[in-house]
Amino acid sequence: MNCFTTSWGEFRLTRFPEDPREQLRAWDAADEYLLRHLHGDTDAPAVPLTGTVVVLGDRWGALATALSSARPDGLGQAARLVQITDSYLGRQATRANLVRNGVPETAVHLLTSTEAPPERIDVLLVRVPKSLALLEDQLHRLAPALHQDSVVIGTGMVTEIHNSTLRLFEQLVGPTRTSLAAKKARLIFSTPDPVLARPANPWPLRYPLPEGIGPVSGRTVTNLAGVFCADRLDIGTRFLLQHLPARQGPERVVDLGCGNGVVGTAAALANPQAELLFIDESFQAVASAEATFRANTAPEARAEFLAGDALAAVPTDSVDLVLNNPPFHSHQATTDASAWRMFTGARRALRPGGELWVVGNRHLGYHVKLRRLFGNCQTVTGNPKFVILRAVKR
Ligand SMILES: C[S@@+](CC[C@H](N)C(=O)[O-])C[C@H]1O[C@@H](n2cnc3c(N)ncnc32)[C@H](O)[C@@H]1O
């Protein structure tokens, strides 16, 4: 547990799921800079936080926790604080961090990136997301709720704020400038232009899949902006689609980390008796998977769609097949932890005899983890870049 010292007070914060060995903090210099600015501790006066205050893209709830703890002096007593996130893990972290710091969960209205945003926004605070597409989509959705007196401030690390980021604020909100950098973070100030002619929102994006990838060849996939590889088919996914297990009969199949749902939809088309469960920690991924599945399967095809953390919500010994292309972020610690959680979850959720199929970059060495967990791991096939691995629960 780390202590986040801000102008608004000190807060004990963790990421989610909480892991005592976790070294990564639940905030960064971009959160700190924004909080200092709002409090009036930079060279500008404090920002009045009144009316509806929306925090978009708060990673682990550091902003929502700090601002809501500050009632009634900082955040006006009557102000309504809303957090909008695409991440299930971020939302759970926010909940836990609020409670940990003595703030009732109800102090923040938690919305997902797929729910209707507030109709009027007086202050919009944007933690610039890693995905420019998600920022584009979310600004499109929120901009109509801004008025000419709304305050719009973005924050991010300098490595996350590009000309294309600022162009989005210009195009979708209004005139935009940036602050000086502090501890490698920067603020973005946009002034809402009430007569701005905004381009149409390009999201969701639908495109036809190529031929030669099994049952989903030529089918159309739906991608909301927050989805992994939203504008093209990932090459690892393509490889898995070409080598899916041939199974028939009534069985329960999980598309774990489903993204746009293309893998689970292929499994359902190959085995119409299968019952699918699509899981992702991105709300927009889960919505995309549902759209992809519904558009390509018969009305009686059975599936559930769940925003969650790996297989945490799936009962033990209840699943016959798990299909998985694990997340691989640039941050190695995060990568390993997520893949490991998915594999251990699969080991628990599979019935004896059930199988986990994983596609991964050869160099990630997933076979070592799988062999350790399952006591077996077979390479189904491979190419110079990827391997498909199969582990059976004994
Ligand atoms: C490499 S992508 C694969 C997406 C899709 N299956 C495909 O092949 O195109 C990994 C997915 O795992 C999801 N993910 C990451 N951490 C997760 C978690 N803890 N629980 C569930 N899904 C997670 C990501 O949002 C992402 O959609």
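Read-outs throughout are calculated quantities, based only on the coordinates presented, and are distinct from any laboratory measurement. In this text, all values refer to a predicted model and were calculated from it rather than measured experimentally. Here the Cβ is made from the backbone with ideal geometry for all residues, glycine too, and neighbour counts use every protein chain on show.
With the dipole of region 205-392 worked out from charges on the C-beta (+1 for Lys and Arg, -1 for Asp and Glu) around the Cα centre, which of Val380, Phe343, Thr222 lies farthest toward the positive end?
Farthest along the dipole direction, towards plus: Val380.
Considering the dipole of region 205-392 built from charges on the beta carbon (Lys and Arg +1, Asp and Glu -1) around the Cα centre, which of Pro327, Ala287, Ala270 is farthest to its positive end?
Of the listed residues, the answer is Pro327.
For helix 132-142, report the angle its Cα long axis makes with the longest principal axis of the Cα atoms of the chain; keep it between 0 and 90° and round to the nearest 10°.
Here the helix axis deviates by roughly 60 degrees.
At what distance in angstrom do the alpha carbon centres of region 130-197 and region 354-375 lie from each other?
41 Å
Can you give the Rg to Rh ratio for region 164-250, taking only C-alpha atoms and Rh from Kirkwood? Mind dumping the intermediate values first?
Values: Rg = 20.5 Å, Rh = 16.9 Å.
Looking at region 164-250, the ratio lands at 1.22.
Considering only DSSP beta bridges whose two residues both sit in region 2-190, what percent are antiparallel, to the nearest 5? Before the final figure, lay out the partial values.
Working: 15 of 36 bridges.
Among the beta bridges of region 2-190, antiparallel pairing accounts for roughly 40 percent.
Between Tyr207 and Ile235, how high is the FRET efficiency from 1/(1 + (r/R0)^6) when r is the Cβ-Cβ distance and R₀ = 22 Å? Nearest 0.05. Write out the running numbers ahead of the final one.
Working: r = 16 Å, r/R0 = 0.71.
FRET efficiency, Tyr207 to Ile235: 0.90.
If you look for lysine pairs in the chain that are eight or more places apart or on different chains, how many of them have Cα atoms under 26 Å apart?
Values: Lys130/Lys183; Lys130/Lys184; Lys130/Lys385; Lys369/Lys385; Lys369/Lys393.
Final tally of qualifying lysine pairs is 5.
What is the P(r) of region 205-392, as percent of Cα-Cα pairs per 10 Å bin from 0?
10, 41, 40, 10, 0
Can you tell me, using C-alpha contacts under 8 Å and at least 6 residues apart, the relative contact order of the chain as a whole percent? Write down the numbers at each step before the final one.
On the way: 846 pairs, mean separation 40.4, N = 394.
Value for the chain: 10 percent.
For the pair Glu119 and Ala44, how long in nm is the line joining their label points, each one 7 Å along Cα→Cβ?
Here the modelled spin labels are 2.9 nm apart.
Please work out the FRET efficiency for the pair Glu275 and Met157, using the Cβ-Cβ distance as r and a Förster radius of 56 Å; give the result to the nearest 0.05. All intermediate terms of the calculation are to be shown ahead of the outcome.
Working: r = 43 Å, r/R0 = 0.77.
That gives a FRET efficiency of 0.85.
Which shape class, rounded, prolate or oblate, goes with region 2-190 when its Cα gyration tensor gives a ≥ b ≥ c as root eigenvalues, a/c under 1.5 marks rounded, and past that a/b bigger than b/c marks prolate?
Values: a/c = 1.31, a/b = 1.25, b/c = 1.05.
Because its axes are fairly even, with a/c under 1.5, region 2-190 counts as rounded.
Under a 5 Å amide H to amide H cut-off, with H placed in plane at 1.01 Å, what residues pair with Val322 once short-range neighbours are removed?
Val254, Glu355, Leu356, Trp357
Determine, at each q value in 0.06 (inverse angstroms), the log₁₀ of I(q)/I(0) that the Debye formula gives when each Cα of the chain is one equal point scatterer.
One equal scatterer on each Cα of the chain leads to -0.26.
Using amide H atoms built in the peptide plane, which far-off residues or other-chain residues are under 5 Å from Thr381 H to H?
Answer set, sorted by chain and number: Ile388.
Give me the extension gain from Glu170 to Ala107: residue separation times 0.36 nm, minus the current Cα-Cα distance, reported in nm with one decimal.
On the way: separation 63, 0.36 × 63 = 22.68 nm, distance 3.17 nm.
Computed gain between Glu170 and Ala107 is 19.5 nm.
Quick one: net charge of Pro192's neighbours, Cβ under 13 Å, K/R +1, D/E -1? Don't skip to the answer; put the middle values down first.
On the way: positive: Arg120, Arg198; negative: Asp122, Asp149, Glu170, Asp193.
Counting the neighbours of Pro192, the net charge comes to -2.
For each of Thr106, Thr344, Thr292, count neighbouring Cβ atoms within 10 Å of the residue's Cβ, then give the residues from fewest to most.
Details: Thr106 9, Thr344 14, Thr292 28.
Ranking Thr106, Thr344, Thr292 by Cβ neighbours within 10 Å, fewest first, gives Thr106, Thr344, Thr292.
Along region 203-218, what does the Karplus equation 6.51 cos²θ - 1.76 cosθ + 1.60 (θ = phi - 60°) give for ³J(HN,Hα), rounded to whole Hz, x for Gly and Pro?
9, x, 9, 10, 9, x, 7, x, 7, x, 10, x, x, 9, 3, x
For region 93-159, what D do you get in µm² per second when you plug the Kirkwood radius from alpha-carbon pairs into Stokes-Einstein at 25 °C and 0.890 mPa s? Don't skip to the answer; put the middle values down first.
Details: Rh = 13.8 Å.
Reported coefficient: 178 µm²/s.
If you place +1 on the Cβ of every Lys and Arg, -1 on the Cβ of every Asp and Glu, and leave all else neutral, what size is the dipole of region 2-190 about its Cα centre, to the nearest 20 Debye?
On the way: 20 positive and 21 negative charges, 56 e Å.
With only Lys, Arg, Asp and Glu charged at Cβ, the dipole is about 260 debye.
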